Amino acid sequence: MSLASALGLSSGKKVRYAFVALGDITQEAMLPGVKHTGNSEVVAFVTGDPEKARGVGEQYGVTDSYGYEQFGELLASGKIDAIYLATPNWRHAEFAIPALKAGIHVLVEKPLEVSTKKCREILEVVKTSSAKLMVAYRLHFEPGTLATIDLIRSGKLGELLTFSSTFTQMVSPENHRAKNGVEAGPIFDMGPYPVNAARYVFGDEPTEVVSAVGVRHPEAGLGDFDDTVAVTLRFPDNRLAQFVLSYWGNTLDTYAVVGTKGSVEVNPGYMYGKPLEHTVTLGEAKSHESFKNTDHFGGELKYFSDCLLNGKDPEPDGEEGYADVRVLEGIVQAIKTGGSVKLEPFTRTKRIDTKAQRETLKAQKSPELVNTSNPGKGKEKVPKN
């Protein structure tokens with residue numbers, strides 16, 4: 001029996017995926033990257049919008065479509081090996097758990113879920129499942145991010161002191177992110193970026209949410225949640241991370257790391273569709289580098305399929321997803337109480353392998369979207385999951 005057969009896959013060449021939810025992130029980013037992975041194919045959609053399924057299916061040659069209520073039927077059909085899960089954040093466990101129980105592999109968008117309780121439920125199923133789970137941290141496969149991590153690991157910046165970040169965008173009041181409370185707001189939607197970046201920069205886990213402040217701008221026309229949030233995290237060895245998130249600000253996504261011997265600023269630092277860049281200062285000497293614009297989504301999908309076909313465990317696994325949600329949950333609590341929140345001790349058992357994860361698939365053009373839209377106001381593309 002081949003390794004692919006032992007893993008329950010249809011062949012050693014391509015993993016058969018069902019894409020669950022056909023929103024902007026699926027249509028604009030992940031679907032265009034599938035074809036040039038070489039090891040992945042989409043054979044089915046799961047959506048509550050048959051018209052959307054037909055329109056998107058025509059673009060990609062996918063004729064098999066299921067409603068959300070038919071998900072169990074799909075899992076039992078024998079037609080798929082894996083799912084890509086891009087439902088709203090609070091519906092991840094709803095689909096990930098039955099898929100994993102059925103032996104179907106899961107690539108789930110971040111955050112893993114909106115509570116540590118839900119994350120733990122998913123992780124418990126992973127322990128007994130034959131299937132693998134990966135959280136879609138696309139920047140773990142992006143050359144600028146990996147080069148920045150290599151720089152920091154080299155020790156050239158000296159002892160690390162601070163991480164600071166600003167991640168802002170204008171979100172349309174018509175987008176679903178504006179209508180579903182804190183679970184769809186900037187903490188869970190944008191927060192994984194600076195939280196995850198601070199964690200891979202420091203190679204450690206935060207011990208405390210020192211402070212978190214949220215404000216609301218009535219003129220933004222958004223829902224019942226804080227549209228702008230400022231956070232301070234404490235890490236071991238007297239290191240601090242600070243960041244601002246907002247759904248009501250001109251687009252900016254940048255972070256900076258300061259050490260005793262140097263610093264690095266990554267700007268842009270989180271978006272896709274254009275090269276990420278960093279400026280390194282060592283003493284008084286400065287250097288600047290713009291990295292190759294790559295397809296983050298196709299790169300992560302290719303990596304996950306390769307893990308499935310070759311029996312490897314993916315790096316951004318469920319534990320990585322849990323590590324961020326424990327912090328996001330602490331931020332929500334700190335805003336509610338107005339005080340600091342001690343985070344329960346946690347040790348991450350795996351870190352980014354900058355050599356193995358350096359995917360450089362050519363960037364793809366975004367297609368026409370069917371019954372969905374980019375969350376940003378107007379026509380400007382903004383960073384998303």
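The values are calculated or read from the model by the stated rules, or taken from the named source; none is laboratory data. Quantities reported herein were computed from a predicted structural model and do not represent experimental measurements. A quick note on method: Cβ atoms are made from the backbone with ideal geometry, for glycine too, and the neighbour counts reach across all protein chains shown.
The single residue among ASP24, ASP81 that is in contact with a Ser or Thr (Cβ under 8 Å, 6 or more places away or on another chain), modelled with pLDDT of 95 or more and not β-branched (Val, Ile, Thr) turns out to be ASP81. Restricted to the range 319-351, and to residues there that are among the hydrophobic types (A, V, I, L, M, F, W, C) and in contact with a Pro (Cβ under 8 Å, 6 or more places away or on another chain), the residue that is farthest from HIS92 (Cα to Cα) is LEU343.
Which fully enclosed helices (runs of 4 or more DSSP H) of the range 35-135 have 1 or more residues being closer than 18 Å to ARG16 by Cα and touching a residue at least 24 places away in the same chain (Cβ under 8 Å)? Reasoning before the result, please.
Values: elements: 50-60, 71-75, 92-101, 116-128.
Counting at least 1 such residues, we get 50-60, 71-75, 92-101.
Of all the criteria given as (1) under 18 Å from the mean Cα position of the chain (by Cα); (2) modelled with pLDDT of 95 or more; (3) part of a loop (DSSP other than H, G, I, E, B), the one not satisfied by THR347 is (1).
Residue check: SER373 meets all listed conditions (1) small (Gly, Ala, Ser); (2) part of a loop (DSSP other than H, G, I, E, B); (3) at pLDDT 70 or above but one, namely (3).
Pick from LYS292, LYS274, LYS312: which is in a loop (DSSP other than H, G, I, E, B) and at pLDDT 95 or above?
Details: LYS292 fails: at pLDDT 95 or above; LYS274 fails: at pLDDT 95 or above.
Matching residue, one of LYS292, LYS274, LYS312: LYS312.
When restricted to residues that are surrounded by fewer than 20 Cβ atoms within 10 Å (Cβ to Cβ) and within 23 Å of GLU94 (Cα to Cα), the range 53-65 contains 1.
Tell me whether the range 157-173 contains one or more residues that are part of a helix (DSSP H, G or I) and in contact with a Gly (Cβ under 9 Å, 6 or more places away or on another chain). Within the range 157-173 (the criterion being part of a helix (DSSP H, G or I) and in contact with a Gly (Cβ under 9 Å, 6 or more places away or on another chain)), the answer is no, since none of the residues qualifies. The residues in the range 158-193 that are crowded, with 17+ Cβ neighbours inside 10 Å and charged (D, E, K, R) can be counted, and the count is 3.
Checking each residue in the range 54-80 for being aromatic (Phe, Trp, Tyr) and either over 23 Å from ALA96 (Cα atoms) or outside the structural domain of ALA102 (by TED's automatic domain parsing) (or both) picks out only TYR60.
Could you say whether any residue in the range 203-213 is part of a helix (DSSP H, G or I) and of a type outside the set (S, T, N, Q)? So that I can check it myself, show each step before the final result.
Within the range 203-213, the first condition is being part of a helix (DSSP H, G or I), and the residues that meet it are none.
No.
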